[in-house]
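The structure under discussion appears below in the form of structure tokens.
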Amino acid sequence: MRVEFAGSERRVIDGPFAETKELIAGYWVWQVKSMDEAIEWVKRIPNPMGEESVVEIRPIGEIDDFGEIVTPELRARGARLREQVEGV
């Protein structure tokens, strides 16, 4: 999902960028209950580029989102990686 800005207007758009040259790096990470809640948050942010710009919304999956495919071994490996990252 993306939210397009045009002055004070906000428009929700499905789909990714057509070309990577349109992408400007930067991101926020929010923990929300639904895509609708994420859209409502994005509609409240300042317009990033002034007149016209687009903010893309992408979900981030957590290990529990993958169900039974995540074996106990994979969970243990993920826990070890998390410990290493947090220890840095």
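Worth pointing out:
- Some residue of the range 51-60 being at pLDDT below 85, touching an Asp or Glu at 6+ places or on another chain (Cβ under 7 Å) and among the aliphatic types (A, V, I, L, M): yes
- Positions within the range 16-28 being at pLDDT below 85 and assigned to a loop (DSSP other than H, G, I, E, B), in sequence order: Pro16, Phe17, Ala18, Glu19, Leu23, Ile24, Ala25, Gly26, Tyr27
Residues are listed down the side, and each one gets a yes or a no for (1) touching a residue at least 12 places away in the same chain (Cβ under 8 Å); (2) of a type outside the set (Lys, Arg); (3) in a strand (DSSP E or B); (4) at positive phi:
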| position | (1), (2), (3), (4) |
| --- | --- |
| Trp30 | no, yes, no, no |
| Lys33 | no, no, no, no |
| Ile39 | yes, yes, no, no |
| Met49 | yes, yes, no, no |
| Val55 | yes, yes, yes, no |
| Gly61 | no, yes, no, no |
| Gly67 | no, yes, no, yes |
| Glu73 | no, yes, no, no |
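The values are calculated or read from the model by the stated rules, or taken from the named source; none is laboratory data. If you're wondering where the values come from, they're calculated on a predicted model, not measured in any experiment. Cβ atoms come from the backbone with ideal geometry, glycine included; neighbour counts cover every protein chain shown.
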